[in-house]
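Enquirer: Pasting in a structure now, in structure tokens, and then I'll have a few things to ask.
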Amino acid sequence: RHTRYISVTGVQTCALPICFTAVEPSFGIGPLGKLVAEQGWTGILPLVLGVAVIFWLIGFDIIYAIQDYEFDRTHGLRSVVVAWGPKNALNAALMAHAVMWLILVAFGLLAGFRLPYYVGLVLIAGCLLFEHFLARRRSLNWVNNAFFRLNAIISAVFLVVTITEVVFPGFRLKP
């Protein structure tokens, strides 16, 4: 039997529920590959950011798969949500997002970022918590709001605060 799950690349099929983590690394290493190709190895920062992206994707892929729970269960598909149950799957998604957030904190510390970045991380934490609150409601409309709108806000906030730190180096810690 194969596991069917929804990923950012569409419907995925795999023999084990662990396959949720098979697609995400390809997205996480994309930015790292671009930096290495353009500039050579640039230190640990791109790797740290790539790992954060992987955990972000794992979390929101699980949330997105919640909407297929009934279909997967009635059709004998062993998706992560069916294999672990919706509550455990959502807890795993929350854990993945917590790890992502902690990695983003480490990224900011390693980069020497200051206040604007950490204000952004507080906003991101709020969005993640609200996303998980909405996902636990398990209606299609709430999952779509959690998945699309809040993740768009999270990525936009991260972009703005990171650009602020890079463009205005006066906000950065001295090396």
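The values are calculated or read from the model by the stated rules, or taken from the named source; none is laboratory data. Small disclaimer: the values here were computed from a predicted structure and weren't measured. Please note: Cβ atoms are built from the backbone with ideal geometry, for glycine as well, and neighbour counts cover all protein chains shown. Side chains included, ligands, DNA and RNA excluded: accessible areas come from the protein's heavy atoms. Shrake-Rupley method; radii C 1.70, N 1.55, O 1.52, S 1.80 Å.
Enquirer: Rank by packing, highest mean first: peptides 110-116, 47-53, with packing defined as the count of other Cβ atoms within 10 Å averaged across residues.
Expert: On the way: 110-116: 16.3, 47-53: 19.6.
Per-residue Cβ counts within 10 Å, averaged per peptide and sorted highest first, yield 47-53, 110-116.
Enquirer: Still on this structure: Taking the Cα centre of the range 62-165 as origin, work out the dipole magnitude from +1 charges on Lys and Arg Cβ and -1 charges on Asp and Glu Cβ, in debye rounded to 20. List each step's numbers first, then the result.
Expert: Working: 8 positive and 5 negative charges, 44 e Å.
Roughly 220 debye for the range 62-165.
Enquirer: Still on this structure, I have one more. Using a basic spin-label model with each label point 7 Å from the Cα along Cα→Cβ, how many nm lie between Met95 and Phe168?
Expert: 3.9 nm
Enquirer: If you take the beta carbon distance between Ala152 and Phe71 as r and set R0 to 45 Å, what does 1/(1 + (r/R0)^6) give as a FRET efficiency, to the nearest 0.05? If you can, show how the numbers build up before the last one.
Expert: Values: r = 26 Å, r/R0 = 0.57.
So the FRET efficiency works out to roughly 0.95.
Enquirer: Between Asn144 and Leu102, how high is the FRET efficiency from 1/(1 + (r/R0)^6) when r is the Cβ-Cβ distance and R₀ = 41 Å? Nearest 0.05. Before the final figure, lay out each step's value.
Expert: Working: r = 27 Å, r/R0 = 0.66.
The value I calculate is 0.90.
Enquirer: So what are the three principal axis dimensions of the range 54-151 from its Cα atoms, in whole Å, longest to shortest?
Expert: Cα spread of the range 54-151 along its principal axes, largest to smallest: 50, 22, 16 Å.
Enquirer: When the solvent-accessible surface of protein heavy atoms is calculated with a 1.4 angstrom probe, in what order do Met100, Met95 fall, highest first? All intermediate terms of the calculation are to be shown ahead of the outcome.
Expert: On the way: Met100 5, Met95 125 Å².
Ranked list, largest accessible area first: Met95, Met100.
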